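Worksheet: the structure to be examined is printed underneath.
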Amino acid sequence: MPPVIEVTHLHKRYDDKVAVDDVSFTVDKGEIFGILGRNGAGKTTTVECVEGLRAPDRGTISVLGLDPLADRAELTRRLGVQLQAGMLPGRLRVGEALELYSSFYPRPADWRGLLHDLGLSEKARYADLSGGQKQRLSIALALVGSPDVAILDELTTGLDPQARRDTWELIEGVRARGVTIVLVTHFMEEAERLCDRIALIDRGRVVVVDTPAGLAERAQAEQRIRFRPSREFDTGLLADLPEVSGVGGRGEFVVVTGGDGALNAVMAVLARHQIVAERLRVEQAGLEDAFVELTGRKDAE
Ligand SMILES: Nc1ncnc2c1ncn2[C@@H]1O[C@H](COP(=O)(O)OP(=O)(O)OP(=O)(O)O)[C@@H](O)[C@H]1O
Ligand SMILES: [Mg+2]
């Protein structure tokens with residue numbers, strides 16, 4: 001089966017600012033494809049080109065076999081796009097907005113069901129919605145057309161933790177119906193939970209495309225060991241251990257980083273000095289570490 005979305009060597013600049021340098025990726029049918037990257041990495045510019053809202057300077061894009069610019073009218077009926085906040089008239093009510101949008105599509109979803117799933121009230125005026133409620137409405141508007149492909153830029157930014165979890169469930173339900181989803185996000189937990197594959201974008205280029213687990217594995221297999229020692233001691237004793245790569249402190253806590261075997265070595269030293277590690281916590285490197293390692297820079301922007 002050909003990919004649903006195919007982006008090849010996309011390049012886009014704003015005057016002399018290169019926003020997207022060279023981005024290529026494919027998204028398969030039914031996949032949730034995540035796009036992650038630091039602020040200004042070129043994520044929104046990339047998805048706006050995919051949506052046909054911006055014209056690439058170079059490169060090719062195909063969505064459902066269509067050209068986003070040349071086949072704009074047909075694509076609009078099959079693509080759901082999350083609107084940026086503030087794009088609706090203030091006096092429009094939530095129910096009216098959903099009803100209006102569903103009339104644009106040949107086989108719309110049940111907008112009342114979406115309204116209920118997203119905890120929105122039908123009669124509320126757009127201008128009176130809180131930031132999070134506007135965000136929920138933008139998700140509903142992206143999904144109301146029963147699109148084949150949904151592109152969600154910053155899906156849950158501004159939502160409270162419960163609304164975020166509810167939205168994840170909603171998206172999982174949408175995926176279960178075979179919809180292909182592109183998700184731009186800054187939340188590692190969200191990417192880890194929802195995405196089948198993730199493209200990490202840095203300075204307008206794709207650094208890596210992998211599964212969340214594959215990405216986490218690329219991060220150094222370091223452990224972070226955090227504890228409160230039962231008495232003061234010379235942390236140099238730990239820093240000298242070959243398994244330990246770093247020792248730091250935060251308040252009364254000691255934080256040790258190291259590879260395999262660091263935990264055992266640290267515990268042995270503490271036992272020898274009759275120190276108890278209180279409130280001990282050991283963390284393995286995860287997606288967030290991979291993100292920082294693969295896109296983090298010490299040099300100033
Ligand atoms: N309309 C525009 N005119 C000029 N420069 C722009 C425009 N939109 C974006 N840029 C610049 O292009 C670069 C990429 O922006 P883009 O919005 O694609 O980043 P992003 O990865 O979505 O960032 P964020 O995580 O902050 O949303 C940035 O340096 C930004 O300042
Ligand atoms: Mg953006």
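Could you please let me know if R72 is charged (D, E, K, R), on the phi < 0 side of the Ramachandran plot, more than 16 Å from ligand 2 (Cβ to nearest atom) and in contact (Cβ under 8 Å) with a residue 12 or more places away in the chain?
Yes, satisfied.
What tally of residues in the stretch 133-155 results from selecting those that are outside any helix (DSSP H, G or I) and either charged (D, E, K, R) or surrounded by fewer than 21 Cβ atoms within 10 Å (Cβ to Cβ) (or both)?
4
Listed here are the residues, each with its yes/no results for (1) free of Cβ contacts under 8 Å to residues at least 40 places away in the same chain; (2) within 16 Å of M87 (Cβ to Cβ).
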| position | (1), (2) |
| --- | --- |
| I151 | no, yes |
| D160 | yes, no |
| D166 | no, no |
| E169 | yes, no |
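A quick yes/no check of all residues on (1) over 30 Å from V47 (Cα atoms); (2) not assigned by TED's automatic domain parsing to the domain that holds R165:
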site: C195; (1), (2): no, no
site: R226; (1), (2): yes, yes
site: G248; (1), (2): yes, yes
site: T257; (1), (2): yes, yes
site: I275; (1), (2): yes, yes
site: V292; (1), (2): no, yes
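Identify all residues within the stretch 1-39 that are away from ligand 1 (no atom under 16 Å from the Cβ), among the aliphatic types (A, V, I, L, M) and at pLDDT 95 or above; write none if there are none.
Of everything in the stretch 1-39, those that are away from ligand 1 (no atom under 16 Å from the Cβ), among the aliphatic types (A, V, I, L, M) and at pLDDT 95 or above turn out to be V4, I5, V27, I32.
Which of (1) in contact (Cβ under 8 Å) with a residue 12 or more places away in the chain; (2) away from ligand 2 (no atom under 16 Å from the Cβ) does S130 not meet, given it meets every other one?
Every listed condition holds for S130 apart from (1).
Could you figure out which of (1) modelled with pLDDT under 85; (2) buried (at least 24 other Cβ atoms within 10 Å of the Cβ) isn't true of G158?
(2)
Restricting to helices (runs of 4 or more DSSP H) lying wholly in the stretch 190-301: which have 3 or more residues that are farther than 30 Å from V18 by Cα?
Where helices (runs of 4 or more DSSP H) fall fully within the stretch 190-301 and carry at least 3 residues being farther than 30 Å from V18 by Cα, they are 236-239, 262-272.
The values are calculated or read from the model by the stated rules, or taken from the named source; none is laboratory data. No experiment lies behind these values; they were computed from the predicted model shown. No Cβ is skipped: glycine too gets one built from the backbone with ideal geometry, and neighbour counts run over all protein chains shown.
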